[in-house]
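Taking it in order: structure first as structure tokens, then the write-up.
The values are calculated or read from the model by the stated rules, or taken from the named source; none is laboratory data. Everything numeric here is computed off the predicted structure, so don't read it as measured data. Because the Cβ atoms are built from the backbone with ideal geometry, glycine has one as well, and the counts that use them run over all protein chains shown.
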Amino acid sequence: MFSPLVAELIQGLRVLPGVGPKSAQRMALYLLERNRQGAQQLADVLARAMLDVQHCESCRTFSEQSLCQLCASTARDTQLLCVVESPADILAIEQSGSFNGLYFVLGGHLSPIDGIGPHELGIPQLINRLKNKEVTELILATNATVEGEATAHYIRESSKVFGVKVSRIAHGVPLGGELETVDSHTLARALNQRQRYA
């Protein structure tokens with residue numbers, strides 16, 4: 001039905017998460033029919049990003065420089081290191097305005113079934129950062145999934161020899177949440193990790 005190039009464009013758009021055949025077709029036709037200038041701008045930016053965006057040498061987030069803005073900043077507390085699964089997690093924490101340390105991006109979580117082990121996540125690089133004794137607290141902010149918990153456990157065990165304080169972000173009932181809508185696993189964790197009033 002579509003010409004080969006249009007069909008290829010539709011197929012290309014399907015690489016995006018959550019984009020199925022119909023959504024890809026709708027996007028492709030919109031760009032071709034109504035917004036060719038926007039499509040060209042998108043193509044140019046995408047091409048530049050694929051060439052110029054690399055991983056920060058220190059924290060492994062995305063950056064055009066060898067060090068990202070956060071790692072290059074002299075205003076950050078270099079003794080605090082927060083381990084996250086993805087660059088999107090950094091954005092979420094930064095938007096909270098509650099953390100002024102540095103980050104380390106794993107780029108996923110341990111998943112032996114998928115062939116993702118410590119080396120694929122850069123954990124040896126993380127361990128090297130702990131060896132220099134500058135980090136005094138390692139904050140594990142992996143997701144509250146089975147894989148995220150396993151990853152946090154592996155990092156905690158691997159870092160014991162360095163005498164660094166290791167903490168885990170709290171998980172539990174969300175602010176403004178109602179108990180009746182919280183799932184049983186989250187509620188159990190919140191009860192088990194409850195804090196006492198002074």
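Here's a check for you: in the stretch 159-173, which residue that is under 20 Å from S86 (Cβ atoms) and out of contact with any strand residue (DSSP E or B) (no Cβ under 9 Å at 6 or more places or on another chain) is surrounded by the most Cβ atoms within 10 Å (Cβ to Cβ)?
Filtering the stretch 159-173 for residues that are under 20 Å from S86 (Cβ atoms) and out of contact with any strand residue (DSSP E or B) (no Cβ under 9 Å at 6 or more places or on another chain), the one surrounded by the most Cβ atoms within 10 Å (Cβ to Cβ) comes out as H171.
Identify the residue in the stretch 67-99 that is free of Cβ contacts under 8 Å to residues at least 12 places away in the same chain and among the polar types (S, T, N, Q) and, among all such residues, is surrounded by the fewest Cβ atoms within 10 Å (Cβ to Cβ).
Here the residue is T74.
Identify the residue in the stretch 23-66 that is among the polar types (S, T, N, Q), surrounded by fewer than 16 Cβ atoms within 10 Å (Cβ to Cβ) and within 27 Å of the chain's Cα centre (by Cα) and, among all such residues, is nearest to N128 (Cα to Cα).
Ranking the candidates gives S66 first.
With the structure loaded, tell me whether A75 is among the hydrophobic types (A, V, I, L, M, F, W, C) and not in a loop (DSSP other than H, G, I, E, B) or whether it fails that test.
The answer is no for A75.
Which residue pairs have Cβ atoms under 8 Å apart, sit 6 or more places apart or on different chains, and have a first residue in the stretch 173-197 that is more than 19 Å from N143 (Cα to Cα) and a second that is among the hydrophobic types (A, V, I, L, M, F, W, C) and part of a helix (DSSP H, G or I)?
Correct list of pairs: L179/L187.
Taking the stretch 109-150 on its own, how many of its residues are exposed (fewer than 15 other Cβ atoms within 10 Å of the Cβ) and among the basic types (K, R)?
Qualifying residue count, the stretch 109-150: 2.
Quick check, is L46 part of a loop (DSSP other than H, G, I, E, B) and over 30 Å from G163 (Cα atoms)?
no
What number of residues within the stretch 156-192 satisfy the criterion of being part of a loop (DSSP other than H, G, I, E, B) and either closer than 30 Å to K131 by Cα or charged (D, E, K, R) (or both)?
Total meeting the criteria: 7.
Kindly evaluate L106 against the criterion of being assigned by TED's automatic domain parsing to the domain that holds A141, within 11 Å of the chain's Cα centre (by Cα) and crowded, with 19+ Cβ neighbours inside 10 Å.
Criteria met by L106.
Might you let me know whether the stretch 135-154 holds any residue that is without any contact (Cβ under 8 Å) to a residue 24 or more places away in the chain, more than 26 Å from S184 (Cα to Cα) and not in a loop (DSSP other than H, G, I, E, B)?
no
What's the number of the only condition in (1) of a type outside the set (K, R); (2) closer than 30 Å to Y154 by Cβ; (3) free of Cβ contacts under 8 Å to residues at least 12 places away in the same chain that Y30 fails to meet?
Going through (1) of a type outside the set (K, R); (2) closer than 30 Å to Y154 by Cβ; (3) free of Cβ contacts under 8 Å to residues at least 12 places away in the same chain one by one, Y30 breaks only (2).
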